[in-house]
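Worksheet for the structure shown next.
Read the figures in this text as sums done on the coordinates, not as results from a lab. All values derive from a computational prediction rather than experimental measurement. All Cβ positions, even for glycine, are placed from backbone atoms using ideal geometry, and neighbour counts span all protein chains on display.
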Amino acid sequence: MPGLTEVANSIREGGGLSAVQLHHAGHRANPYFGGVPSPASSRTLPGISALSTAEVERIRDSFIAGAKRAEKAGFNGVAVHGAFEWPWESEIIWSSHPPPSS
C-alpha cells in the first residue's frame, strides 16, 4: 500500500483530487489471467453456474475492503465500475432481456 499512498499524496501535492475505480469482471473474467467467470445467472454462460449468495457477499466484502484501502491510502474517492453486466446486474438484465437461444 505504500505505492498507493505515494500516488495519492503526489496527486494531492500537485493540487489535484484522486479516485480509484473498483471493478469485477463478472462473467467476462478470463481464466488465462487468473479470473473465474462469475455470472449472477446460470443462463449467462453455458456450463457455468451462477454465483451463490455467499460468493456475492464475498465479492461485496472485497469491494468494501478495497474502498477502505483507497481511503486509508489518501484517495479522495472511489468509483465502483458498474458496466458490462456485473454479477449483481446480469440477473436483472437477463430476466428482462433473455439471451437468444443457441
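Taking R0 as 35 Å, what FRET efficiency do you get between E57 and Y32 from their Cβ-Cβ distance, rounded to the nearest 0.05? List each step's numbers first, then the result.
On the way: r = 27 Å, r/R0 = 0.77.
Once rounded, the FRET efficiency stands at 0.85.
List residues of region 12-56, by number, whose backbone nitrogen lies under 13 Å from a label position 7 Å along Cα→C-beta of L4.
Under cut-off, by backbone N: 19-23.
Between L45 and K68, what is 0.36 nm times their sequence separation minus the Cα-Cα distance? Round to one decimal in nm. Display every interim value, and only then the final one.
Values: separation 23, 0.36 × 23 = 8.28 nm, distance 3.22 nm.
That works out to 5.1 nm of additional length.
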